[in-house]
Amino acid sequence: MARRLRPVELDFTASAPVRLVFSATLAAPPPTVYRALAVEVGSMPSWFTAVASAVPSADEAGRTVRLRGGILFEETILAAEPDTRYAYRVDATNAPGIAALAEEWALSPAGRGTRLRWTMAADGAAPFRLALRLAGPGVGLSFRDAARRLDRRLIPARPPSPGSVR
């Protein structure tokens, strides 16, 4: 059964007891990346393999995300700033030990592409905090894989160069 978490605001992503921060550069421009994150919510499982489903709420003020393995998050959007930032907090979850959780996706131009920074901010019981810190490298690997998959999804296949064989 889902448990209610402590409601946090956007500043929690900078002040949480546990913060995991990862970044990647994508070839797609910020408007395209932002659309994939904040508008095309249901497409998330196609590029973030840890996610089994992502469904926006009826009023579009939140979403419900189910991870592979059955963990469920009911979320409220904290920031939806086109081409710049998308952030949300988890209001309820069936995962044990979590007291508060928020995530922020920050986008900035990087040449023709996008510098994408993902921050996962959390608080909870001491065993949860320790487990999340220890899971950091695996979470980072999952993020990098998701960023690569998202980038491939957003950038159409390039035609072969003249003289190459495909």
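State, as an integer percentage, the relative contact order of the range 18-77 based on alpha-carbon contacts under 8 Å between residues 6 or more apart. Mind dumping the intermediate values first?
Working: 64 pairs, mean separation 11.1, N = 60.
Relative contact order here is 18 percent.
Compute the separation of the alpha-carbon centres of the range 70-126 and the range 20-63 and state it in Å as a whole number.
Centre-to-centre distance over Cα atoms comes out at 10 Å.
(1) 1.23; (2) 1.09; (3) 1.04: which one is Cα Rg over 2.2 N^0.38 Å as calculated from this entry?
Of the labelled values, this structure produces (2).
What shape does the range 41-93 have by the C-alpha gyration tensor, where a ≥ b ≥ c are the square roots of the eigenvalues, rounded means a/c under 1.5, and otherwise prolate means a/b greater than b/c and oblate the rest?
Oblate.
Whole-Hz ³J(HN,Hα) for each residue in the range 148-156, computed from phi via Karplus 6.51 cos²θ - 1.76 cosθ + 1.60 with θ = phi - 60°, x for glycine and proline: what do you get?
The phi angles translate into 5, 5, 4, 4, 4, 5, 8, 9, x Hz.
Would you kindly derive the ³J(HN,Hα) couplings of the range 55-63 from the backbone phi angles with the Karplus curve 6.51 cos²θ - 1.76 cosθ + 1.60 (θ = phi - 60°), listing them in order in whole Hz, with x for Gly and Pro?
10, x, 5, 4, 8, 6, 8, x, 7
Take the solvent-accessible surface of the protein heavy atoms, probe 1.4 Å, and return the percent of it on the range 86-154 that carbon and sulfur atoms account for.
57
Give me a comma-separated list of calculated 3J(HN,Hα) values for the range 104-121, in order, Karplus coefficients 6.51, -1.76, 1.60 applied at θ = phi - 60°, integers in Hz, x for any Gly or Pro.
For the range 104-121, the Karplus curve yields 9, 10, 9, 10, 8, x, 9, x, 8, x, 9, 8, 10, 10, 10, 10, 10, 10 Hz.
Could you pull out every residue, at least 5 positions away or on a different chain, whose amide H is within less than 5 Å of the one on D91? Hs are placed 1.01 Å off N in the peptide plane, and Pro or chain starts have none.
E74, E75, T76
Rounded, prolate or oblate for the range 67-134? Axes are the square roots of the Cα gyration tensor eigenvalues, ordered a ≥ b ≥ c, and the cut-off for rounded is a/c under 1.5.
Prolate shape, in that a/c is at least 1.5 and a/b is the bigger ratio.
Would you mind calculating the relative contact order of the chain from Cα pairs under 8 angstrom and at least 6 residues apart, reporting the percent as a whole number?
Once divided by the residue count of the chain, the mean separation gives 30 percent.
Just from its helices, what would the mean residue ellipticity at 222 nm be for the chain, if runs of 4 or more DSSP H residues each count -39500 (n - 2.57) and the sum is divided by every residue, rounded to the nearest 500 deg cm²/dmol?
Only helices count here, giving -7500 deg cm²/dmol.
The values are calculated or read from the model by the stated rules, or taken from the named source; none is laboratory data. Treat the numbers as computed from the prediction; the structure is a model and nothing was measured. In case anyone asks, the SASA skips ligands and DNA or RNA and just uses the protein heavy atoms, side chains included. Shrake-Rupley method; radii C 1.70, N 1.55, O 1.52, S 1.80 Å.
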